[in-house]
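Data block below; observations after.
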Amino acid sequence: MNAIITGASRGIGRACAETFAVAGYRVTAVARTEAQLRELQRSHPTVEPLVADLTVSVPTGIYDVVILNAGYYAPGGLLDPGRDVFGESWELNVMANHRLARALLPPLLERGHGHLVVIGSSATDDTSAHMTAYGATKKCLRILYEGWERELKGSGVRTTLVAPGATLTSSWAEETPPPNILQPAAVAELVLRCVTEGLTGRVTI
Ligand SMILES: NC(=O)c1ccc[n+]([C@@H]2O[C@H](COP(=O)([O-])OP(=O)(O)OC[C@H]3O[C@@H](n4cnc5c(N)ncnc54)[C@H](OP(=O)(O)O)[C@@H]3O)[C@@H](O)[C@H]2O)c1
């Protein structure tokens, strides 16, 4: 079985890459930072690095499992002066995932099996003011996911939207993390369970 995981050089995506590799998957790990992907490959030789900036290129290929995880977070409202976090987030959180779905799902549909996992966020349920820009992009991704879910229904291809709460990654570099924060490995274990146990729809953690 093979899986492609975007944003696999660190954080939740890296934990997913490690967890799926340990579970016996051949993992294509996508990110911009080659050194981190090579380091991941050294500890997990079945991981194949794919260096790509998803805002400008779209990986292709035939995979059993597609995990759309890469995302950008920075605190910011829509009207914040100086920094346009919404604009910065849009290309990766929305457009890149839209392009990836269009490129990677047709082979799954042709074969009539496979699993699409999208990493959403609890921020689409409860968006605090400083997260408006991020929450808006993740909400758009959630609506895209719901459309893909409808279009893939009955095709044999499973779909899951995993929506984590705060998780300790570099996304928290500019803020104080909450005390009950999740570890990336816990999210990765859930993603693996979704695939191995066939959990579909929106799954929160
Ligand atoms: N952390 C949280 O609290 C939290 C909570 C809920 C949901 N999430 C979601 O979980 C996902 C992962 O978040 P995270 O916190 O693990 O993020 P992270 O630690 O910031 O890691 C982001 C990953 O995406 C890659 N990436 C960033 N820009 C890219 C680009 N243009 N092209 C290709 N790869 C790119 C990064 O690698 P390079 O920089 O090497 O490219 C890195 O591997 C996101 O979708 C996020 O919305 C996170």
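The values are calculated or read from the model by the stated rules, or taken from the named source; none is laboratory data. Bear in mind the structure is a predicted one, so any value in this text is a computation, not a measurement. In this analysis, Cβ positions are derived from the backbone assuming ideal geometry, glycine residues included, and neighbour counts consider all displayed protein chains. Side chains included, ligands, DNA and RNA excluded: accessible areas come from the protein's heavy atoms. Shrake-Rupley method; radii C 1.70, N 1.55, O 1.52, S 1.80 Å.
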- Query: Has the range 67-88 got any residue that is hydroxyl-bearing (Ser, Thr, Tyr), surrounded by fewer than 23 Cβ atoms within 10 Å (Cβ to Cβ) and away from the ligand (no atom under 14 Å from the Cβ)?
  - Reply: no
- Reported set for the range 19-54 where residues are open to solvent by less than 50 Å² (accessible area, probe 1.4 Å), assigned to a loop (DSSP other than H, G, I, E, B) and either free of Cβ contacts under 8 Å to residues at least 40 places away in the same chain or within 15 Å of the ligand (Cβ to nearest atom) (or both) is His44, Ala52, Leu54
- Residue among Glu149, Glu174, Glu189 that alone is out of contact with any helix residue (DSSP H, G or I) (no Cβ under 7 Å at 6 or more places or on another chain), more than 10 Å from the ligand (Cβ to nearest atom), outside any loop (DSSP other than H, G, I, E, B) and not aliphatic (A, V, I, L, M): Glu149
- Among Tyr145, Tyr134, which is the only one that is within 18 Å of Leu68 (Cβ to Cβ), among the hydroxyl-bearing types (Ser, Thr, Tyr) and open to solvent by 20 Å² or more (accessible area, probe 1.4 Å)? Tyr134
- Task: Please find, within the range 1-18, the residue that is nearest to the chain's Cα centre (by Cα) out of those that are more than 10 Å from the ligand (Cβ to nearest atom) and open to solvent by less than 20 Å² (accessible area, probe 1.4 Å).
- Result: Ile4
- If you go through the range 155-163 one residue at a time, do you hit one that is surrounded by fewer than 13 Cβ atoms within 10 Å (Cβ to Cβ) and either at pLDDT 95 or above or of a type in the set (A, V, I, L, M) (or both)? yes
- Just for the range 117-131: of the residues that are part of a strand (DSSP E or B) and in contact (Cβ under 8 Å) with a residue 60 or more places away in the chain, which one is nearest to the ligand (Cβ to nearest atom)? Ile119
- Message: Within the range 89-131, take every residue that is open to solvent by less than 60 Å² (accessible area, probe 1.4 Å), small (Gly, Ala, Ser) and over 15 Å from the mean Cα position of the chain (by Cα) and give me the one that is nearest to Val58 (Cα to Cα).
- Response: Ala103
